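Readers should treat all values here as calculations from the given coordinates under stated rules, not as data from a laboratory. Not measured: the values here are computed from a predicted model. Neighbour counts run over all protein chains shown; Cβ positions are idealised from the backbone, glycine included.
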Amino acid sequence: MTGTTSDRLAVRVFGGPTALFEHGGLRFLTDPTFDEPGDYPVPRGTLTKTAPSAATPADLGRVDVVLLSHDEHPDNLDRAGRALLADVPLTLTTPGGGQRLGGGAKGLADWESVELDRPDGGTVTVTGVPAVHGPSARAEVEPLTGQVVGFVLTGEGLPTVYVSGDNASLDAVRQVADRFGPVDTAILFAGAPRFPVLFDGAVIVLDSAQAAEAAGILGARQVVPVHYDSWAHFTEGRDDLVAAFAAAGLADRLDLGDRG
């Protein structure tokens, strides 16, 4: 993969953290969120969705695997997303999420892998990788924001794809880069979400400058950002990402995906 537009991974983005892509003949969906705009209660307040998804579950076609970074927040898995899981053969998520969701859900610990059969022969390997949903050590963060997992997809003759999940830790990104870098495509959750009641208002997922830094750490040839629009708690959006990647000299790597 050389990073030219024609050989980049085609990623459809639908708003929030939800994106669809094909890898090795299998179709993967990240963090499904399709509910209507409105207020959604959470333990420490309310999350406000400001825009509808660019598609409905019925528009997606076949989905083989859901890559669910975590199941505990409605901006990562909502009611419509939960309903969709019943029609998907496999959902990969956190160990705790695998237990809560049951059915076709499987939890992945750090560096645990599963091999998926490709329609044309061979396999895709999906490896769970560290993610930290807050600005400090996992042990301090998880009691407040919960477990999160990222994913790396590999396979013979296939590009390496990293899906960060709701991760705010560049140290976690460095661990991924040490094992799998350089990656061909990084689907980075960004948006700099903040809550005054959590961690003194520090970001709990990458901000735009950190996303650009993560791209450099990973040596990513293509970066598709998600999780930066459609919710009021995201404090940085498209323009911030474009500016940050330009400032880092990485504007040619940023790919805003196919909308809808």
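Structure values in brief
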quantity: Additional length obtainable on full extension of the chain from Asp87 to Asp120, 0.36 nm per residue less Cα span; calculated: 9.6 nm
quantity: In nm, spacing of pseudo-spin labels at Leu256 and Ala51 (7 Å Cα→C-beta vector); calculated: 0.9 nm
quantity: Order of Leu108, Leu60, Leu67 - criterion: other Cβ atoms within 10 Å of each residue's Cβ, fewest first; calculated: Leu60, Leu108, Leu67
quantity: Charge tally in the Cβ shell below 11 Å around Arg79, where Lys, Arg are +1 and Asp, Glu are -1, Arg79 excluded; calculated: -2
quantity: Environment charge at Ser136 (Cβ cut-off 12 Å; Lys +1, Arg +1, Asp -1, Glu -1); calculated: -3
quantity: Three principal axis lengths of the chain [C-alpha, angstrom, descending]; calculated: 48, 44, 35
quantity: Mean projected area in nm² (Cα convex hull; one quarter of hull surface) for region 102-184; calculated: 6.3 nm²
quantity: Region 49-114 - Debye-derived log10 I(q)/I(0), Cα point model, q = 0.19, 0.20, 0.27, 0.29 Å⁻¹; calculated: -0.75, -0.82, -1.28, -1.39
quantity: The chain, relative contact order [Cα under 8 Å, separation at least 6], %; calculated: 18 percent
quantity: Net charge over other residues, Cβ less than 10 angstrom from the Cβ of Asp31 (K, R count +1; D, E count -1); calculated: -4
quantity: DSSP beta bridges in region 117-260 [antiparallel fraction, %, rounded to 5]; calculated: 55 percent
quantity: Percent RCO, i.e. relative contact order, over region 153-260, from Cα pairs under 8 Å lying at least 6 residues apart; calculated: 26 percent
quantity: Estimated Rh, region 159-260: Kirkwood, alpha-carbon pairs, angstrom; calculated: 13.5 Å
